[in-house]
Each structure stands twice: as C-alpha cells, then as structure tokens.
Amino acid sequence: NPDSSPLPGELPPLVVMIHGGPTASARAELRLGVQFWTSRGFAVVDVNHRGSTGFGRRFRDELAGNWGVVDVADCVAAARFLADAGRADPARLVIRGGSAGGFTTLAALTTSDVFGAGCSLYGIADLAVLCSDDHKFESRYTESLVAPYPEGEAVYRERSPIHHLDRLRSPIIMFQGTEDTVVPPNQTQMMVDALSGTDVPF
C-alpha cells in the first residue's frame, strides 16, 4: 500500500486466519478479506491445517478423531514460526476464523498463550451441544472428527472451549447470526453468558 508504511524497525502484527469446514481449504487467490489487512500493514497467514482439502487423502485423514488438536497445533505453529523468523511481531499475534475456524480460534485461545486476541465468527464453543443440534446435511460429521457420541463424551468435554474458559486471558470479539442453522446462536450465547462478569474483555 503506497499510503502506508511501518515505523522504522517495527515488525507487522500477524492475523492467523482459519478456514471453515473444517475440511475446506484456504486458496491462493485474491480475497479482499485478506487484502484489507495486508494493505494496511498487517501480516496474514491463511492456514491449511491438517485435514484441509486439496493435499491428498493422507493429509485430510489426519483430522479424523483429531479436530481441536491438530488444527490448533498447526495454527499455533504457523504463528510461532513467523514470529521466530522475524516476520511478525510476537507480541501482536491474533487469530480469527468462522464456524469450524471459530471453534479452532476458541480452542487456540483456551489451550495456548500465543495469541494476544481472537475473533470468533459464529464459532463452536461446545461440541456436545453441536451434536444435538446437527442439521441433516452434517449428521454424524462431528463424530468422525472427534469421537463417537455419547461414548466419547469425555473427549467432547476436553476439546470444547466452553469448559476451559479459566485458561482464557486474551480479549475476544464474537459475531453470530441469529438465524444460523449450521452453528446455532446458542454456541456464541453460552460464551457470552460464561464470560459475563469475568476479567476477559469480550
């Protein structure tokens, strides 16, 4: 951007973006939602974490049973790599995603201390509640990504950000459509209710 330049010696803040799906993918094409940030001095990494489509069956299958683990680890690793390489300011790393990417955002914020802030767009807070709200098109999809339910209820609890808000230290902004049938509004509402009265800005 010819109208924007960094302060001398300053590293750019980094936005870690996560696609939805969670088996969709980030594509190498013009996306104005990315250009908005890069044209204003932010670094952006659009993560194709393990399980993303387009890299072969073996890569895709690594998400099976590991949703909330490998996707989070890959986003954290991408942010740390860029900070360690001197390409982003380690004190200004943020993470954002929508739907499944919102879940990864919430999970990353409650399992690591890498990110200074987060943005959850209609993110999933409680995987078990999502199972009960699954729409027909994605029936049993969550079970293939996490564990059979209700047999794997302990795994669902362990991976659901709503049960680990005591670990959340970073400010978070959340957006939710009231008529969303894929990720119902109750997912964001339970986050709002749980964070009300805490010291976490949201």
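The values are calculated or read from the model by the stated rules, or taken from the named source; none is laboratory data. Since this is a predicted model, take the numbers as computed values, not measurements. Cβ: placed from backbone, ideal geometry, glycine included. Neighbour counts: every protein chain shown. What goes into the accessible areas is simple: the full protein's heavy atoms, side chains included, and nothing from ligands, DNA or RNA. Shrake-Rupley method; radii C 1.70, N 1.55, O 1.52, S 1.80 Å.
For the structure I just gave you, tell me whether Thr142 is modelled with pLDDT under 90, part of a helix (DSSP H, G or I), β-branched (Val, Ile, Thr) and farther than 23 Å from Pro201 by Cβ. Against the criterion (modelled with pLDDT under 90, part of a helix (DSSP H, G or I), β-branched (Val, Ile, Thr) and farther than 23 Å from Pro201 by Cβ), Thr142 qualifies. Within segment 142-165, the set of residues being hydroxyl-bearing (Ser, Thr, Tyr) and either closer than 29 Å to Ala117 by Cα or crowded, with 17+ Cβ neighbours inside 10 Å (or both) comprises Thr142, Tyr149, Tyr156, Ser160.
Filter segment 166-195 for residues that are β-branched (Val, Ile, Thr) and in contact (Cβ under 8 Å) with a residue 60 or more places away in the chain; which is nearest to Gly116 (Cα to Cα)?
Taking segment 166-195 as the starting set, the residues that turn out to be β-branched (Val, Ile, Thr) are 172-173, 178, 181-183, 188, 192.
Now drop any that are not in contact (Cβ under 8 Å) with a residue 60 or more places away in the chain, which leaves 172, 182-183, 188.
Numbers: Ile172: 9, Val182: 28, Val183: 25, Thr188: 20 Å.
The extreme case among them is Ile172.
Scanning segment 166-202 for residues that are open to solvent by 50 Å² or more (accessible area, probe 1.4 Å) and among the β-branched types (Val, Ile, Thr) gives Ile173, Thr178, Thr181, Val182, Thr198.
Screening the candidates Arg40, Arg58, Arg50 for the property of being open to solvent by 60 Å² or more (accessible area, probe 1.4 Å) and without any contact (Cβ under 8 Å) to a residue 12 or more places away in the chain yields one hit, Arg58.
When segment 154-178 is filtered for residues that are among the aromatic types (Phe, Trp, Tyr) and either part of a helix (DSSP H, G or I) or out of contact with any strand residue (DSSP E or B) (no Cβ under 9 Å at 6 or more places or on another chain) (or both), only Tyr156 remains.
Here's the yes/no breakdown for (1) under 18 Å from Pro201 (Cβ atoms); (2) surrounded by fewer than 18 Cβ atoms within 10 Å (Cβ to Cβ); (3) in contact (Cβ under 8 Å) with a residue 60 or more places away in the chain:
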{"position": "Asp74", "(1), (2), (3)": "no, no, no"}
{"position": "Ala77", "(1), (2), (3)": "no, yes, no"}
{"position": "Ala85", "(1), (2), (3)": "no, yes, no"}
{"position": "Ala88", "(1), (2), (3)": "no, no, yes"}
{"position": "Arg96", "(1), (2), (3)": "yes, no, yes"}
{"position": "Gly101", "(1), (2), (3)": "no, no, yes"}
{"position": "Thr111", "(1), (2), (3)": "no, no, no"}
{"position": "Ala117", "(1), (2), (3)": "yes, yes, no"}
{"position": "Ser120", "(1), (2), (3)": "yes, no, yes"}
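For the residues Pro8, Pro22, the requirement of being exposed (fewer than 13 other Cβ atoms within 10 Å of the Cβ) and either part of a loop (DSSP other than H, G, I, E, B) or free of Cβ contacts under 8 Å to residues at least 12 places away in the same chain (or both) singles out Pro8.
Here is the figure for segment 123-135: residues that are outside any helix (DSSP H, G or I) and touching a helix residue (DSSP H, G or I) at 6+ places or on another chain (Cβ under 6 Å) total 4.
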